């Protein structure tokens, strides 16, 4: 499709598509904290608990980049 291989398209979707989805999830977490009036500590706990998986996913790409470099 448009001169790209299936591996290139899936790689693009995995990096940029999932990255955009992760940013959207951060917006959702912030909105949940705002609507629940969680306060500073509550907001921190929400971002820590719900965002920890996203940090692990991003760390995987950083580690892969460092190993390949």
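Checking each residue in region 10-40 for being touching a helix residue (DSSP H, G or I) at 6+ places or on another chain (Cβ under 7 Å) and not in a helix (DSSP H, G or I) picks out only 38. Of everything listed in (1) at pLDDT 90 or above; (2) assigned to a helix (DSSP H, G or I), the single unmet condition for residue 52 is (1).
Within region 24-40, the set of residues being loosely packed, with under 13 Cβ neighbours inside 10 Å and either closer than 29 Å to residue 14 by Cβ or touching a strand residue (DSSP E or B) at 6+ places or on another chain (Cβ under 9 Å) (or both) comprises 24, 27, 28, 31. Taking residue 43 as the residue in question, decide whether it is part of a helix (DSSP H, G or I), surrounded by 10 or more Cβ atoms within 10 Å (Cβ to Cβ) and under 11 Å from the mean Cα position of the chain (by Cα). Considered against the rule, which asks whether it is part of a helix (DSSP H, G or I), surrounded by 10 or more Cβ atoms within 10 Å (Cβ to Cβ) and under 11 Å from the mean Cα position of the chain (by Cα), residue 43 comes out as no. Take the residues in region 10-23 that are farther than 22 Å from residue 43 by Cβ and under 8 Å from the mean Cα position of the chain (by Cα); name whichever of them is surrounded by the fewest Cβ atoms within 10 Å (Cβ to Cβ). This residue is 20.
The values are calculated or read from the model by the stated rules, or taken from the named source; none is laboratory data. As the structure is a prediction and not an experimental result, all values here were calculated from the model. With ideal geometry, Cβ positions are generated from the backbone for all residues, glycine too; neighbour counts draw on all protein chains shown.
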